Amino acid sequence: MTPSPAAAIRTAEDLLAYVPHGIGHWPRESLVVLADSGGAAGGLLRLDLPPRRTAAVGAEIARYVHTVLAPGSPHGVFVVVYTAARPRPGSGLPVLVHRLVRTLERLGLAIVDCLYVTDDGWGHVDRASADAPWSRRRPLADITSSVLNTELVFAGHTWGTTPESAVPPAGTGPDAEEVRRWSAVHAPGPRPDPADPAWVRAMAGAWEDGLTVLGAASDGPAPPLEPELAGRLLAGLRSRTVRDLVLFQSAVGPSPVIADLLLGAGPGAVPAEGAPSRSDPERDGRHPEPGRVPGTGSGDLPEDQQPDGDRANDRLPDDLGATGGSSAAESCARQARDRDACLRAGGLPLLACVITGTVALAPDWTRLNAAHRLLEALAFYAEGEARCATLTLLGWIEFARGRGSRAHHCLDAALLVDPRYELARLFDRFLDLGQVHEWARHRSTAWKADGHDAA
């Protein structure tokens with residue numbers, strides 16, 4: 001569960017001012033539930049409003065919300081409905097919201113307040129009956145002038161652009177052509193997988209160079225990449241072995257064991273010619289499959305769920321699996337101090353479960369933030385397979401951050417380039433099923449933006 005920035009909720013205006021700061025953008029056609037941690041903002045959950053707005057769907061959403069928030073023992077929850085216009089009493093949305101709040105109360109979650117926000121105002125939801133009209137609209141200016149909004153802005157918190165802007169545009173012009181020329185120079189050939197071990201390890205070093213450049217300038221504008229380095233990195237992303245190596249190496253740190261595992265059963269081993277690449281999830285099944293969970297589509301902080309965790313763990317040593325009530329990352333930190341030893345002991349099953357965070361290895365968010373900046377810069381120049389890879393990796397990082405809407409937009413953009421790009425399809429299915437990355441559920445492993453806990 002991703003934590004929220006520390007904030008005191010004193011009034012309804014404070015609550016509505018906090019929500020866009022918490023999730024990073026102004027919600028549209030959304031249901032937002034915020035846990036009350038004794039007067040302070042707790043865990044924050046956003047879901048798309050479902051197309052079917054019935055009492056049964058409201059009860060299903062309530063059970064979903066309870067599964068997410070109840071483990072944190074909140075004092076209660078705030079419910080906020082974002083929709084274009086105030087609905088007619090007794091219509092689908094009031095029926096859904098009425099059953100949602102009643103079911104939450106029956107499940108033991110007290111409703112502190114229930115509000116609505118439209119394009120031209122906000123107000124309170126009458127929870128007594130689905131036929132009761134929602135209160136008269138108040139001006140949106142009340143929200144921006146609230147005490148909490150002033151405090152958050154003064155402290156440097158901002159809510160940014162809409163999730164659609166998460167997709168970097170494809171570039172044109174002489175700079176883009178120069179990078180693409182270098183990409184052709186470093187191209188792995190017509191068949192990049194199975195990959196040559198020496199070439200893969202050289203690409204791993206090139207990515208470390210790129211991460212160093214971007215990581216050193218994390219507090220300012222991203223410095224321009226040298227055209228040859230950018231072209232070389234894009235050439236590497238034509239190989240799915242390198243693509244997967246970039247994902248894992250960015251997440252957990254540089255390790256020669258990662259390349260060894262992706263290239264074959266041992267150091268220097270490579271799959272036989274014509275055999276499926278170890279890093280090809282659509283053929284070898286190494287990447288974990290999503291589990292079906294109840295939900296309403298893409299949300300920003302979905303359910304407390306460990307998809308297929310038992311199946312992923314069945315080849316791990318007992319002391320490396322997720323245990324008890326602690327997070328998988330905390331378990332690995334306790335049981336295996338040495339990252340390389342942890343990777344060797346867990347092998348490909350452990351490495352693959354970094355994708356959902358269900359097993360092992362605490363994230364290195366400094367590296368992942370640098371990787372995100374690097375991939376955004378490369379996506380401007382990328383074409384074809386390389387653009388699919390950059391957008392898919394950007395989508396995965398947003399998924400790991402707990403930002404499902406942004407992840408969806410990146411993955412959809414990758415599938416517009418190639419509807420058969422299997423890794424993008426897999427990650428997109430995770431989101432369609434309401435799945436959440438395990439890192440986003442624990443304060444110790446959750447992503448933090450601009451120095452504060454991010455939603």
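Here are some notes:
- Evaluating residue 61 against the criteria (1) at pLDDT 85 or above; (2) assigned to a helix (DSSP H, G or I); (3) surrounded by fewer than 23 Cβ atoms within 10 Å (Cβ to Cβ) leaves one unmet condition, (3).
- Residue in segment 62-85 that is basic (Lys, Arg), within 26 Å of the chain's Cα centre (by Cα) and either farther than 26 Å from residue 150 by Cα or not assigned by TED's automatic domain parsing to the domain that holds residue 440 (or both) present: yes
- Against the conditions (1) at pLDDT 80 or above; (2) surrounded by 13 or more Cβ atoms within 10 Å (Cβ to Cβ), residue 163 satisfies every one except (1).
- The listed residues are 247, 225, and the only one of them that is out of contact with any His (no Cβ under 9 Å at 6 or more places or on another chain), modelled with pLDDT of 85 or more and crowded, with 19+ Cβ neighbours inside 10 Å turns out to be 247.
- Flag for residue 244 being assigned to a helix (DSSP H, G or I) and either farther than 22 Å from residue 388 by Cα or touching a strand residue (DSSP E or B) at 6+ places or on another chain (Cβ under 8 Å) (or both): no
- Each residue in segment 189-211 was checked for being free of Cβ contacts under 8 Å to residues at least 24 places away in the same chain and either in contact with a strand residue (DSSP E or B) (Cβ under 9 Å, 6 or more places away or on another chain) or not in a helix (DSSP H, G or I) (or both), and 3 pass.
- Residue, nearest to the chain's Cα centre (by Cα), within segment 408-417, restricted to residues that are buried (at least 24 other Cβ atoms within 10 Å of the Cβ) and free of Cβ contacts under 8 Å to residues at least 60 places away in the same chain: 411
- The number of residues in segment 64-84 being at pLDDT 90 or above and not polar (S, T, N, Q) comes to 7.
- Taken as a whole, the condition of being among the aliphatic types (A, V, I, L, M), part of a helix (DSSP H, G or I) and surrounded by 14 or more Cβ atoms within 10 Å (Cβ to Cβ) applies to residue 69.
- Counted residues, segment 84-105 - those being crowded, with 18+ Cβ neighbours inside 10 Å and assigned to a loop (DSSP other than H, G, I, E, B): 2
- Qualifying positions in segment 391-409 - part of a helix (DSSP H, G or I) and farther than 17 Å from residue 244 by Cα: 401, 404, 405, 406, 407, 408, 409
- Restricting attention to segment 353-374, the residues that are crowded, with 24+ Cβ neighbours inside 10 Å and assigned to a helix (DSSP H, G or I) total 2.
- Meets criteria (buried (at least 24 other Cβ atoms within 10 Å of the Cβ) and either at pLDDT 80 or above or farther than 16 Å from residue 244 by Cβ (or both)) for residue 439: yes
- Of all residues in segment 44-54, none satisfies being crowded, with 23+ Cβ neighbours inside 10 Å and either of a type in the set (Phe, Trp, Tyr) or part of a loop (DSSP other than H, G, I, E, B) (or both).
- Listed conditions (1) farther than 19 Å from residue 31 by Cα; (2) outside any loop (DSSP other than H, G, I, E, B); (3) in contact with a Gly (Cβ under 6 Å, 6 or more places away or on another chain) are all met by residue 131, apart from (2).
- Residue in segment 111-121 that is over 17 Å from residue 143 (Cα atoms) and assigned by TED's automatic domain parsing to the domain that holds residue 16 present: yes
The values are calculated or read from the model by the stated rules, or taken from the named source; none is laboratory data. Just so it is clear, the model here is predicted, and its values are computed rather than measured. Every residue, glycine among them, receives a Cβ derived from its backbone with ideal geometry; neighbour counts consider all protein chains shown.
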